[in-house]
Every structure is written in C-alpha cells, then in structure tokens.
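Shown next, in structure tokens, is the structure this report addresses.
The values are calculated or read from the model by the stated rules, or taken from the named source; none is laboratory data. Small disclaimer: the values here were computed from a predicted structure and weren't measured. Note that we place each Cβ from the backbone using ideal geometry, even for glycine, and neighbour counts take in every protein chain shown.
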Amino acid sequence: MSKVIVIGASGFLGSKVLDHLISEGYQVFATQNNKTIPRANEISIIPGGIKGLSTTRLREINPVAIFHCARPTFPYFKKWGRMLAAEKARRLNKRLVKQLEKSGLATTLVFASGSLSYGNSEVAHSERSPLNPLSYAKQYIRGESPFLKDHSDSKFKVIVLRFPWLLGKGSWFSWFYLKNMQEQKKIPLFGRGYNLMSVIGVHDAARLMILYSKHQLSSGVYNIYSPFLPTQKEFAKMVSAQFNCEITDYRNLYPHGLEKTVVEAFYSNIVLDSDYQEVLQKYPFKPIEKVLEDM
C-alpha cells in the first residue's frame, strides 16, 4: 500500500481527498489540530498539524505524495483575521518546505489554491498570466508563497493547483446559498449576474489532486479549467430550479450589507485555461446540475 499524507483532512476539500484516497487503497496519514477528522479509525493521525511533520516523521512515513488542503483561519477578525491567517500559513508552509528539503525524500506535494489569484477578467488565464489577487486571495497568496518559489533543485516536487469555484455542501455554497434557502427559500444574485463563474464539483477537485500527483509533471502551477462556464445568473437559475427557491438581489438577504471581500468575489469573472491539458482533456467532469442533484 502506497503511503500518503493529507493536510487539512477535516475540511471542505481535504475530507473528500481523504475519502477518495481510502477508497483507492492508500495507507493514509493525516495531520490533526483541533477539528476531528472523519473516518479517523481508518487512517493514522499525526498530531500537531503541519508542525507534526518533522524531518524524522516524514522519513518514517516516506509518502509518495502529500496533499495540502489546509488554511489557518481567524474568522472573527475578518480582513485582519485573514492577514493573520496568511502570515501563519506562510510560516507553517515555509517550515514544511524546509523539512522536506532536509528529509531528502522524492515525494510530490500537491497544494490546493484558488483562481482569485489572477484577478477579475473575462479573458481566460493560463499559468503564464501575472498574479493580480483580489478578494480573499489578496491575503491568502502570502500563505502559499513558499510553494511558488523555484523547487527545481529539490528532490521533492511541488504541484500548485489553481481551482475555480468548488461546488458542494460546505464552504461558500452553504454560507450564501443553502443557509438562505433553508431560512428564507431565497438565494442571492450579485449585481446583474453577467459575470462568468467557472465551477466544478468538490469531489472532482479531490480526484484531480490525486491524478495530478501521479503524473510525471515538473514542479509548478497548474490551472484546473472547467468545461462548465455559466454566468452567475445562469448558475443561480440552476440552483433555483433544483431547490425550488426564489432568486433575489443579495441586498434583500443582507440588508446590513456584506464585507467588501465577499461582494468582490461574487462580482468577479473566473475564467481559466491551461498550457498543460493532458489530464484535463481526458477527465470526465460531473455536470453542475448533477452535482446539485446529489446534495
């Protein structure tokens, strides 16, 4: 059984990565801080979070891959909390890179990033596009900076995957759609809703992290483009039809307003392309409507 490590296994994406690794027969080790990890009886727990991944521990496990889906949070401090979280993530990720370098292991680290790093544009962004982070990415890009450096001299590889909107029960969809459906039978529309939303299911994202870990790729950034590119309004109509709820201006649901960062994200165009099409061209993405049906 091949050994792997999951960082952030209790989270929205990490828990799905964990499920698919277990189903594929991997021997899974997962770092744990405070949150309980699902299916903990089927895996080996590494206490202490990322700090638990010392050089010695890494050598003992000798993983074929490390899947990094974690991001520290300080939710009660909003923008300042994200700045604190970004700096904490930078320090922890820098430490992880150092431990991997010292270990001398030839493993692959796959890190889940986001597409807000490229900014708002109707033109598709490839991996060559300059970074122009907006919304949450303004702070979080700092956290991933240790992975964006040149690692060509290292034995280990760093694969940074930039995902579009991940659709599933949890995260943004639960906060702004499911919650409002349950409480008011309504969902929000931000502006006229003509901005493009590149969307894939969270389970597809988890499977793709595993697929990318297996391919003979160099260290670097790889965009995950989606075959589904609805406008925000078209997406809202899909949700409305599936859950029998009304679409309304977001200000009707949030009369006191929303944080600027949230509004900026929902008004943005998310369009991705990739110079590395080998994996994505063959991958059978689940349609958005089917993802919604399965919730």
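For Asn62, work out the one condition from (1) at negative phi; (2) in contact with a strand residue (DSSP E or B) (Cβ under 9 Å, 6 or more places away or on another chain) it doesn't fulfil.
(1)
Out of the residues in the stretch 224-238 that are more than 12 Å from the chain's Cα centre (by Cα) and outside any helix (DSSP H, G or I), state the one that is surrounded by the most Cβ atoms within 10 Å (Cβ to Cβ).
Within the stretch 224-238, the match that is surrounded by the most Cβ atoms within 10 Å (Cβ to Cβ) is Ser226.
Looking at this structure, is Leu166 part of a strand (DSSP E or B), out of contact with any Pro (no Cβ under 9 Å at 6 or more places or on another chain), under 30 Å from Ile22 (Cβ atoms) and in contact (Cβ under 8 Å) with a residue 40 or more places away in the chain?
yes
It is to be established whether one or more residues within the stretch 239-262 are outside any loop (DSSP other than H, G, I, E, B), among the hydrophobic types (A, V, I, L, M, F, W, C), at pLDDT below 95 and closer than 26 Å to Lys138 by Cα.
Yes, there is a match, as at least one residue in the stretch 239-262 is outside any loop (DSSP other than H, G, I, E, B), among the hydrophobic types (A, V, I, L, M, F, W, C), at pLDDT below 95 and closer than 26 Å to Lys138 by Cα.
Select the strands (runs of 3 or more DSSP E) contained entirely in the stretch 11-124, then report the ones holding at least 3 residues which are free of Cβ contacts under 8 Å to residues at least 60 places away in the same chain and assigned by TED's automatic domain parsing to the domain that holds Gly220.
Those strands (runs of 3 or more DSSP E) span 27-32, 44-47, 108-114.
Can you tell me how many residues in the stretch 35-46 are in contact with a Ser or Thr (Cβ under 9 Å, 6 or more places away or on another chain) and at pLDDT below 95?
The total comes to 5.
What number of residues within the stretch 174-221 are in contact with a Leu (Cβ under 8 Å, 6 or more places away or on another chain) and assigned to a helix (DSSP H, G or I)?
So the count comes out to 9.
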